[in-house]
Amino acid sequence: MLSFRLAELHPIVVHFPIALLITSVALDIAGVMLRRAGLTTAATWCLVLGVPGAFAALFSGWLSERDVQLALAGDIFHLHKVFAVLTTGSFSLLLLLRLLWLLPAILGWARCTWPRTEVALALVDKRLHLLLPALYIKSLPRLVVALYLLASVVSLVLLALTGYLGGAMVYDHGVGQPLH
């Protein structure tokens, strides 16, 4: 009979958000370089799906802690955990910024989709326009875009370090072996 250990869940979960987050940054860079809004829209969807996936990967990693031989990894496990939290936090911040920039468009979409909420959403939209008028500029300033892309690349570096340390624990130190 096949048995399932919680430690086996983490390597199953991590690959999907890794692929989505890498793709999100690549699409953003391509979208800016090629001036294609469709690519940045696809990047947004990858980020929207990748960040919750990163939280699932983080959670599955915490669940698997008590089911593996952590002593084999020494300090690598702690570093992996720290980088995983930093990576998830940095991509979450990118998603928050992206959704903030898109908030006027999201409100416009919601007003059209749910006509009963139009009056309330129009009021929210008006207040948002007063509080954050920069959100209503058609195109973001180049410096803002450059800083966002730089933060994206830094997040990718954190993601790569997290993955490298996870791989080192499994392949170099045998952390994924079951407890006896």
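Values for this structure:
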{"quantity": "Filter pass, TRP62 being under 11 Å from the mean Cα position of the chain (by Cα), over 17 Å from LEU159 (Cβ atoms) and of a type outside the set (A, V, I, L, M)", "calculated": "no"}
{"quantity": "Count of the stretch 133-150 residues which are assigned to a loop (DSSP other than H, G, I, E, B) and without any contact (Cβ under 8 Å) to a residue 24 or more places away in the chain", "calculated": "4"}
{"quantity": "Matching entry among LEU21, LEU39, LEU49, LEU34 (being hydrophobic (A, V, I, L, M, F, W, C), within 30 Å of LEU140 (Cβ to Cβ) and surrounded by 21 or more Cβ atoms within 10 Å (Cβ to Cβ))", "calculated": "LEU21"}
{"quantity": "Odd one out for PHE16 among (1) surrounded by fewer than 21 Cβ atoms within 10 Å (Cβ to Cβ); (2) under 19 Å from TRP101 (Cα atoms)", "calculated": "(2)"}
{"quantity": "Filtered residues of the stretch 30-44 (kept if closer than 19 Å to THR87 by Cα and of a type in the set (A, V, I, L, M))", "calculated": "ALA43"}
{"quantity": "Identity of the residue in the stretch 6-45, charged (D, E, K, R) and part of a helix (DSSP H, G or I), that ends up nearest to ALA56 (Cα to Cα)", "calculated": "GLU8"}
{"quantity": "Selection within the stretch 42-84 - at pLDDT 95 or above and either polar (S, T, N, Q) or at positive phi (or both)", "calculated": "THR44"}
{"quantity": "Filtered residues of the stretch 82-110 (kept if within 27 Å of LEU161 (Cβ to Cβ), surrounded by fewer than 18 Cβ atoms within 10 Å (Cβ to Cβ) and touching a Phe, Trp or Tyr at 6+ places or on another chain (Cβ under 9 Å))", "calculated": "SER92, LEU97"}
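Residues checked against (1) acidic (Asp, Glu); (2) touching a Leu at 6+ places or on another chain (Cβ under 6 Å); (3) under 18 Å from ALA160 (Cα atoms):
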{"residue": "MET33", "(1), (2), (3)": "no, no, no"}
{"residue": "GLY38", "(1), (2), (3)": "no, no, no"}
{"residue": "CYS46", "(1), (2), (3)": "no, yes, yes"}
{"residue": "GLY50", "(1), (2), (3)": "no, yes, yes"}
{"residue": "ASP67", "(1), (2), (3)": "yes, yes, no"}
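Every residue, every condition in (1) surrounded by 16 or more Cβ atoms within 10 Å (Cβ to Cβ); (2) over 17 Å from VAL25 (Cβ atoms); (3) among the small types (Gly, Ala, Ser); (4) modelled with pLDDT of 95 or more, yes or no:
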residue: VAL124; (1), (2), (3), (4): no, yes, no, no
residue: LEU130; (1), (2), (3), (4): no, yes, no, no
residue: PRO133; (1), (2), (3), (4): no, yes, no, no
residue: TYR136; (1), (2), (3), (4): no, yes, no, no
residue: SER139; (1), (2), (3), (4): no, yes, yes, no
residue: VAL154; (1), (2), (3), (4): no, no, no, yes
residue: LEU161; (1), (2), (3), (4): yes, no, no, yes
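The values are calculated or read from the model by the stated rules, or taken from the named source; none is laboratory data. Predicted, not measured: the structure shown is a model, and the values here were computed from it. With ideal geometry, Cβ positions are generated from the backbone for all residues, glycine too; neighbour counts draw on all protein chains shown.
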